[in-house]
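The values are calculated or read from the model by the stated rules, or taken from the named source; none is laboratory data. Just so you know, these numbers come straight off a predicted model, no measurement behind them. Heads up, the Cβs are rebuilt from the backbone with ideal geometry, glycines too, and the neighbour counts pull from every protein chain shown. Areas reflect the complete protein model, heavy atoms only, side chains present, ligands, DNA and RNA absent. Shrake-Rupley method; radii C 1.70, N 1.55, O 1.52, S 1.80 Å.
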Amino acid sequence: MTDTVKPAAKPARPFFSSGPCAKPPGYSPEKLATESLGRSHRAKIGKTRLQYCIDLMREVLGLPDTHRIGIVPGSDTGAFEMAMWTMLGARGVTCLAWESFGEGWVTDAVKQLKLEPKIHRADYGQLPDLSKVDFADDVLFTWNGTTSGVRVPDGEWIPDDREGLTFADATSAVFAYDIPWDKIDVATFSWQKVLGGEGGHGVLILGPRAVQRLEEYTPNWPLPKVFRLVSKGKLSEGIFKGETINTPSMLAVEDAIFALEWSKSVGGLEGLKKRCTANADALNKIVAERDWLGHLAVDHGIRSKTSVCLTVEGADADFIKAMAGLLEKEGAAYDIAGYRDAPAGLRIWCGATVETADIEALGPWLDWAYASTKAAA
């Protein structure tokens, strides 16, 4: 396309950032409950709201009673680091890395914890050979690679009789896919992704095998206070009942509660999955109709439905920056440049808090921005 005439209609909510992501439709700060603000998080009202948030997460995710849910510091990164530092070292470790966050866990395992993990790598847009993973080890992987747009296809590659623990960084996957919880011993995420919540807080989910590890194994390295999940050889159960390790933002908690209640209003997990699928399908249609756009993840079976990463014909990082800048200036799309460590391209969030009509309205604006950037080059 060479026409640089601006489209007539813009997305009503041009929020396509992959984190923090678009707020739920109908959101406004005035709608948040505020009775817990200015109160101690250890007072009855604070503990009640924290427990309610945990209960809502369990309900919407369909998480079995075998798994515990805790609200912890440091967003998804803090939650995953907590799991690594408290449980790794008991046996061998295998790391899967096909994008920047998976590589981050490799770096921490090697340089910080001084472990010698087996590493299965793949380039951006691809997935390692999952059949070669040794489940005698503890296995670290990202369910949905936010910076590459690549996900694992399902949980069938994880055996029921595994010896090690599975650690899933699931931050762009939960509330968008069916997670087979019997296959996952440790999962982490943050509210800022599919729920459109605020950052700063992580969620740590522990299965029974992870709890057993925590109670039977003590790592050789010192643990910061905010990582300590065990007291006197037993799991600190209070953490999983709303008694957080340190002071949480009750405003962020109320924000998450709003998002979870909205999730129930659109049909719970099934409704959220349908919204994600509709958004991804709408974006797939846009890509299919344009020969200058492509998917970084060529294989549809491993392509993300939430953080969709696109290639742009002939584009380098400067081109993408200019193109994304034009769209932001026009208020047509915010924050759609690809991740800084990924190949130059676009990244468009298709999670449940985005409206499909806004994805559809984005197509002509991508045409305009691409043509305008090419004309200015």
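Tabulated results
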| read-out | value |
| --- | --- |
| So Thr86, is it among the polar types (S, T, N, Q), out of contact with any Cys (no Cβ under 8 Å at 6 or more places or on another chain) and either closer than 24 Å to Gly200 by Cα or buried (at least 21 other Cβ atoms within 10 Å of the Cβ) (or both) | yes |
| Members of the stretch 94-115 that are farther than 20 Å from Gly149 by Cβ and open to solvent by 20 Å² or more (accessible area, probe 1.4 Å) | Thr107, Asp108, Val110, Lys111, Gln112, Lys114, Leu115 |
| Selection from the stretch 99-119 of residues that are more than 20 Å from Thr171 (Cα to Cα) and touching an Asp or Glu at 6+ places or on another chain (Cβ under 7 Å) | Lys118 |
| Condition broken by Gly62, with the remaining ones in (1) open to solvent by less than 10 Å² (accessible area, probe 1.4 Å); (2) within 23 Å of Arg209 (Cα to Cα) satisfied | (1) |
| Selection within the stretch 174-230 - farther than 30 Å from Thr277 by Cβ and part of a strand (DSSP E or B) | Val230 |
| Residue tally, condition over 14 Å from Leu251 (Cβ atoms), among the hydrophobic types (A, V, I, L, M, F, W, C) and in contact (Cβ under 8 Å) with a residue 40 or more places away in the chain, over the stretch 6-35 | 6 |
| Hits in the stretch 1-44 (condition: surrounded by 13 or more Cβ atoms within 10 Å (Cβ to Cβ), of a type in the set (A, V, I, L, M) and more than 29 Å from the chain's Cα centre (by Cα)) | Met1 |
| Qualifying residue in the stretch 160-169 (condition: on the phi < 0 side of the Ramachandran plot, touching a residue at least 24 places away in the same chain (Cβ under 8 Å) and touching a Cys at 6+ places or on another chain (Cβ under 7 Å)) | no |
| Residues located in the stretch 103-122, provided they are closer than 17 Å to Asp134 by Cβ and touching a residue at least 40 places away in the same chain (Cβ under 8 Å) | Trp105 |
| Qualifying position, being among the charged types (D, E, K, R) and in contact (Cβ under 8 Å) with a residue 40 or more places away in the chain, among Arg42, Arg58 | Arg42 |
